[in-house]
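These notes concern the structure reproduced below.
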Amino acid sequence: MRRSIVRHFLCLATIFGLSPLLTAEDSTQFRGPMRDGKSLETGLWSKITEGKPQLAWMSQGLGKGYASVSVVGNRIYTSGNSGKGQTVTALSTVDGKILWSTPITQKDPKHSYDGSRTTPTVDGNQLYAVASSGNIVCLNASDGNLLWSRDFQEWNGKMMSGWGFSESPLVDGQNVICTPGGDKGMVVALDKMTGKTVWAATLPDYGDEKGRNGSPLKDGAGYASIMISQGGGVKQYVQLVGRGVIGLRASDGKLLWRYAGVANATANIPTVLVDGDNIFCSTAYDTGSALLKLAPAGNDEVKLTEVYQLKSRQMQNKHGGMVLVDGYIYCGDGNGAGLPICIKMADGSIAWGPERAPGKGESSITYADGVVVFRRESGDVDIVKATPEKFTLLTTFKPEYQEGSSWSYPVISGGKLYLREQDKLMCYSLK
């Protein structure tokens, strides 16, 4: 309720040209309050061209991992490998002091690129997270006490490949939705208070099926997080799994549609973009992108139409996410390159890019106040104006600390920019 009131206030302020004193917005889950990679905070970038923002503090003790952060009130939540188990940790927004840390596995999970992936989802005084080894937990957000846990093996859970479960769970109404990836539950809805199964959605056996790049497709969960769509007038959960993008009816988990055109056999990662009846999806590994349209088909069913496809040489987002701003999609392009690009969603035409922006490797992104933040794999942070007219780099800076591959998504909340880097978290003041 609190974030809805704040977001409504910010919308009114924008419509009427006001400059509200309060522009803080909680980032309650992965990719922000609406899971779309966007914040409605304003007044952030007036001094950014004078140099990099001021470091307010840098904290450590988060554990190893690639998870991003949630920010609610005066607390930050994230996950990491402690050496004795994967943990969820709460910190203070004031100084980064650790408030509590709770193990959600008995030992550090082992898989390629060890470390946590899940960004905790905060709903009131409850917090939900998925361990990379495959279990969902509900914790008390105040003190970290475990309220309930479910093991994905109850549904024969599995990943399409060996990089660990990477989902950030979705809370919708009385349920929490997650993706075990198993033949007894590809996606499941659980009662958020008790963890009891509400429904478990399964997929048919699609047999020997090949993707656009010619590789045999795999069963199991992908590396994306679930989005809500009202496409075709039916509320549904849209998720990218091993066999492609699927739409599940929210009321009972029934499979409404599936699109395999962006599935590959290595890793299906980017969370889809939802815009009315439209779904935009993309993966890398020589696959590409597509715009899908949903229409009513009667009896709470929907019909899927492919509007267009983009080949991998035109645009492919490997990971790091995509944002939609005023009809244009901003993201990193290329299989490992992550070069900033802007395309028009309606027809897939390229507005600008891919650009040889400062830094190297994949780009993890977020949007706020007319700017897209591209955090490159090399650690470089590129502040780019969100306009389709041309690529405009406002400034770029190196953070105080960088280690390995900087894949954690940047987060903007309360006038601060948060950059997670493995065991450390940097907090920059934007105002």
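All of the numbers you see were taken from the coordinates with simple rules; none came from a lab. Remember, predicted model here, so these are calculated numbers, not experimental data. Note that we place each Cβ from the backbone using ideal geometry, even for glycine, and neighbour counts take in every protein chain shown.
Please report the net charge: other residues with Cβ closer than 13 Å to the Cβ of S408, K and R +1, D and E -1. Net charge around S408: +2.
With a simple spin-label model that places each label point 7 Å from the Cα along the Cα-to-Cβ direction, the separation between A346 and F397 comes to 3.7 nm. Calculated mean residue ellipticity, 222 nm, the chain: -1000 deg cm²/dmol, from DSSP H runs (n ≥ 4) at -39500 (n - 2.57) each, averaged per residue and rounded to 500. Working ranking of peptides 384-391, 127-134 by packing, defined as the average number of other Cβ atoms within 10 Å per residue, highest first, is 127-134, 384-391. What's the center-to-center distance, using Cα atoms, between region 126-180 and region 359-390 in Å? The distance from the Cα centre of region 126-180 to that of region 359-390 comes to 30 Å. Grouping the Cα pair distances of the chain into 20 Å bins from zero gives a pair-distance distribution of 28, 62, 10 percent in increasing distance order. Using θ = phi - 60° in the Karplus curve 6.51 cos²θ - 1.76 cosθ + 1.60, the 3J(HN,Hα) couplings for region 127-134 round to 10, 10, 8, 10, 6, 5, 7, x Hz; x is entered for Gly and Pro.
Measuring against 29 Å, Cα to Cα, the residue pairs K318/K390; K97/K196; K184/K344; K84/K192; K38/K390 contain K97/K196; K184/K344 as the ones spanning a longer distance. Taking only alpha carbon atoms, region 153-215 gives an Rg to Rh ratio of 1.05, where Rh is the Kirkwood radius. Ordering S312, S225, S46 from the fewest to the most neighbouring beta carbons within 10 Å gives S46, S312, S225. If you build a Gaussian network model of the chain, linking Cα atoms that sit under 10 Å apart, which residue out of S39, S142, S282 swings the most? For the chain, modelled as a Gaussian network with Cα springs under 10 Å, the answer is S142.
Here, region 103-156 yields an orientationally averaged convex hull projection of 4.1 nm² when only Cα atoms define the hull. Evaluated at q = 0.15, 0.21 Å⁻¹, the base-10 log of the normalised Debye intensity for region 206-317, with identical point scatterers placed on the Cα atoms, takes the values -0.57, -1.09.
For the chain, modelled as a GNM whose springs connect Cα atoms under 10 angstrom apart, the maximal fluctuation among K303, K184, K52 occurs at K303.
For region 231-341, averaging the sequence separation of C-alpha pairs within contact (under 8 Å, six or more residues apart) and dividing by the residue count gives a relative contact order of 21 percent. Orientation-averaged projection of region 165-264 equals 6.2 nm² [convex hull of Cα atoms, one quarter of hull surface area]. Considering all C-alpha pairs of region 324-431, those separated by over 16 Å amount to 55%. Computed from label points 7 Å out along Cα-Cβ, the spacing between Q230 and S215 is 3.7 nm.
Contact order for the chain, expressed relative to its length and based on alpha carbon pairs under 8 Å spaced 6+ residues apart, stands at 14 percent.
Rounded to the nearest 0.05, what FRET efficiency is calculated for E389 and Q106 with R0 set to 51 Å and r the Cβ-Cβ distance? All intermediate terms of the calculation are to be shown ahead of the outcome.
Working: r = 53 Å, r/R0 = 1.05.
With R0 = 51 Å, the Cβ-Cβ based efficiency is 0.45.
For the pair region 404-421 and region 270-305, the centres of their Cα atoms are 28 angstrom apart.
For the residues I48, I136, what sequence is obtained by ranking on other C-beta atoms within 10 Å, fewest first? Can you show the working numbers first?
Details: I48 15, I136 27.
The fewest-first ordering by Cβ neighbours comes to I48, I136.
When you restrict to C-alpha pairs under 8 Å that are six or more residues apart and normalise by the size of region 291-431, the relative contact order lands at 14 percent.
Each residue, T49 and Q174, gets one label point 7 Å from its Cα in the Cβ direction; the gap between the two is 5.4 nm.
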